[in-house]
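Q: There's a structure below that I have some questions on.
The values are calculated or read from the model by the stated rules, or taken from the named source; none is laboratory data. Values in this document were obtained by computation on a predicted structure and should not be read as measured data. Cβ coordinates were reconstructed from backbone atoms using ideal geometry, including for glycine residues, and neighbour counts include every protein chain displayed. When the accessible area is computed, the model is the full protein with side chains, heavy atoms only, and any ligands, DNA or RNA have been set aside. Shrake-Rupley method; radii C 1.70, N 1.55, O 1.52, S 1.80 Å.
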Amino acid sequence: MSSTDRAAAEADHRARRLDERFGDPGDDSSETGWRALLRADERAEPPAAAEALLDAEGFGAELVPVALGGRLERADTLVRVLRPVFRRDVGLGLGHGITSLFAASPVFAAGTARQRAEVAALLCGGGRAAIVHRSLAHGTALLRGELTAVRGGSGGGMVLGGRKDVVLNA
């Protein structure tokens with residue numbers, strides 16, 4: 001079996017496992033079914049049971065390159081594993097997957113070795129990465145604000161200053 005076929009087969013296996021763990025989406029008694037997802041949406045809350053299931057499956061590792069300890073080898077295999085999540089709830093797929101991937105990608109592409117390792121550990125450990133779009137500060141009333149990040153936080157971190165009304169995945 002080629003490495004391409006192997007990666008696809010492994011991704012298909014993880015996708016089937018997620019689908020099985022989520023269960024029948026039409027089951028009104030399911031904590032991860034459509035009815036529960038709609039109730040969470042009506043309360044403007046993340047779907048706790050669905051997020052807990054993804055955390056238990058180590059879903060964050062799907063967003064981390066293999067070289068950094070994750071399972072991300074290729075975009076097509078990532079899509080295979082994201083499909084059952086998006087099939088349940090687009091908000092879940094965006095909030096628990098794509099937003100963290102978008103936030104982590106610049107770090108994986110151009111961060112220091114330490115930054116890449118820290119973000120990889122965060123995602124593989126069940127955490128999420130957030131996005132602040134500084135360049136969109138004045139695009140609409142929703143996005144008005146100014147945000148700065150300067151070195152100087154405790155432990156060599158960053159100090160955020162200013163205002164931003166929307167921070168994706170905060």
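Q: May I ask for the net charge around Leu72, where only other residues with Cβ less than 13 Å from the Cβ of Leu72 are counted and Lys, Arg are +1 while Asp, Glu are -1?
A: Numbers: positive: Arg14, Arg71, Arg74, Arg80, Arg116; negative: Glu10, Glu62, Glu73, Asp76.
Net charge in that neighbourhood comes out at +1.
Q: Probe radius 1.4 Å, ligands and nucleic acids left out: which of Met158, Met1 has the largest accessible area, and how do the rest follow?
A: Numbers: Met158 100, Met1 180 Å².
Sorted descending by solvent-accessible area, the residues read Met1, Met158.
Q: Let me ask another. For the pair Ala56/Arg43, report the inter-label distance in nm, with labels modelled 7 Å from Cα in the Cβ direction.
A: In this crude spin-label approximation the distance works out to 1.8 nm.
Q: Between segment 18-64 and segment 76-115, how far is it from one alpha carbon centroid to the other, in angstrom?
A: Cα centres, segment 18-64 to segment 76-115: 16 Å.
Q: Considering only protein heavy atoms, what per residue accessible area in square angstrom results for the chain with a 1.4 angstrom probe? Display every interim value, and only then the final one.
A: Numbers: 9870 Å² over 170 residues.
Heavy-atom accessible area per residue stands at 58 Å².
Q: In the chain, what percent of the accessible surface is made up of carbon and sulfur (1.4 Å probe, ligands and nucleic acids excluded)?
A: Numbers: 5520 of 9870 Å².
Of all accessible area on the chain, carbon and sulfur atoms account for 56 percent.
Q: Next question, about the same structure. About the Cα centre, and with charges only on the beta carbon of Lys, Arg (+1) and Asp, Glu (-1), how big is the dipole of the chain? Nearest 20 debye, please. Present the calculation step by step, with values, prior to reporting the outcome.
A: Numbers: 22 positive and 22 negative charges, 147 e Å.
I would put it at about 700 debye.
Q: Counting Lys and Arg as +1 and Asp and Glu as -1, each charge on the Cβ, what is the dipole of segment 24-75 about the Cα centre in debye, to the nearest 20? Mind showing how you got there, number by number?
A: Details: 5 positive and 12 negative charges, 44 e Å.
Roughly 220 debye for segment 24-75.
Q: If you don't mind, there's one more thing I want to ask. Which far-off residues, 5 or more places away or on another chain, put their amide H under 5 Å from the one on Leu72, with H placed in the peptide plane?
A: Val64, Val66
Q: A further question follows. So I have (1) 25, 18, 16; (2) 33, 16, 13; (3) 29, 23, 13, and one of them is semi-axes √(5λ) of the Cα gyration tensor in Å calculated from this model. Which one is it?
A: Recomputing semi-axes √(5λ) of the Cα gyration tensor in Å here gives the entry labelled (3).
Q: Here is a further query. In nm, to one decimal, how far is the Arg21 label point from the Arg74 one, both placed 7 Å along Cα→Cβ?
A: Reported label-point gap for Arg21 and Arg74 is 2.4 nm.
Q: A further question on this structure: Let me have the relative contact order for segment 1-135, percent, based on Cα pairs under 8 Å that are six or more residues apart.
A: Numbers: 151 pairs, mean separation 32.0, N = 135.
Relative CO of segment 1-135 lands at 24 percent.
Q: Could you sort 34-44, 10-20, 93-103 so that the peptide with the highest average Cβ count within 10 Å comes first and the rest follow in order?
A: Packing order, densest peptide first, comes out as 93-103, 10-20, 34-44.
Q: Sticking with this one: Quickly work out the Ala130-to-Asp12 label distance, labels modelled 7 Å from Cα along the C-beta direction, and quote it in nm with one decimal.
A: My value for the distance between the label points is 4.0 nm.
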